[in-house]
Amino acid sequence: MEQLKSFSSYISQIGHKYGLHSVFDDFLEMVICALSLGAKEDRYHEIVRNYEKPDAYLMAEAFGALVIEMDNKGEGLKDGFGDFYMEYLSYGRNGQFFTPEPICDMMARILNPAGFGERVADCCCGSGRMLLAAAKISRNALFFGADIDRTCAMMCLINLCLNGLLGEVCWMDTLMNRFYAGWRIELHPGKSVPYIREITEFESYMVLRLPEKKQELIDQQAPVTKVTQQLMFEF
């Protein structure tokens, strides 16, 4: 049996044939579809049909390699995408240099977030490193991320979901308050496992509203899960 290669090796191999940028985005969207537990099955098949069968199998192996790498020897909470994205895709375009993970960890510890509240928010989340760093202090908060780059939003979403962190990620321009797409990570009512659900602009907590409208939204939505008082990065 062939030994499992690294996640980046699989994506690079497929990328030589189909184009690295499109392969990476397709991979991210396919993972999101898979983590939607059947709700996005049609979209999954629409994407996978663009690949020959052996290459589709390589996508599956890439996912397996990603999960193993993100397990991080049982510790989890490791960014599975950021370094690959910066080295092979963004090249620093639009200032996309993500904060090194040890610096994220240090910043989270300096903030001593454990007593700040029950929500963690990062309005330019990149691949989600600051949220993962916050989760190392407490995993029981709700985690909220947003980024103007769709690829970054998808990376963050997968990083959170595969680590069992509940909350919301939006593809949006937070400065202009323009919402393009959003997803909620919730516990599945039947299976009691984290899954991804696509949401509308009205459902989004990250879209800025007048305080009374924000509270009305919170009151109307059922809580994702019962959480203890934890951490909040405000913006």
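The H on the amide N of GLY182, modeled in the peptide plane, is under 5 Å from the matching H of TRP171, ILE199, each at least 5 residues off or on a different chain. Amide hydrogen proximity for GLU118: with H placed 1.01 Å from N in the peptide plane, the residues at 5 or more positions away or on another chain lying under 5 Å are GLN230.
Structure note, pairs LYS17/LYS40; LYS136/LYS191; LYS17/LYS191: Cα-Cα distances above 31 angstrom occur for LYS17/LYS191. Calculated FRET efficiency, ASN140 to LYS17, Cβ-Cβ distance, R0 = 41 Å: about 0.45 to the nearest 0.05. For LEU37, the amide hydrogen comes within under 5 Å of the amide hydrogens of ILE196, counting only partners 5 or more places away or on other chains and with H modelled in the peptide plane.
Please compute the contact order of region 7-89 in relative form: average sequence separation of alpha-carbon pairs under 8 Å and at least six residues apart, divided by the residue count, as a percent. Let's see the in-between values first.
On the way: 53 pairs, mean separation 25.2, N = 83.
In percent, rounded to a whole number, it is 30.
Its residue count N sets the reference 2.2 N^0.38 Å, and the alpha-carbon radius of gyration of region 7-89 equals 1.08 times that reference. Annotation for ASP42 and ILE68: the two label points, set 7 Å from Cα along the Cα-Cβ direction, are 3.6 nm apart.
These residues, ILE110, ILE11, go from largest to smallest accessible area, 1.4 Å probe, as ILE110, ILE11.
With a Förster radius of 25 Å applied to the C-beta separation of LYS5 and THR99, the computed FRET efficiency comes to 0.35. Region 98-203 has equivalent-ellipsoid semi-axes of 21, 18, 12 Å, by the square roots of 5 times the alpha carbon gyration tensor eigenvalues, sorted largest first.
The values are calculated or read from the model by the stated rules, or taken from the named source; none is laboratory data. Computed from a predicted structure; not experimentally measured. Neighbour counts run over all protein chains shown; Cβ positions are idealised from the backbone, glycine included. For accessibility, only protein heavy atoms count, side chains too; no ligands or nucleic acids. Shrake-Rupley method; radii C 1.70, N 1.55, O 1.52, S 1.80 Å.
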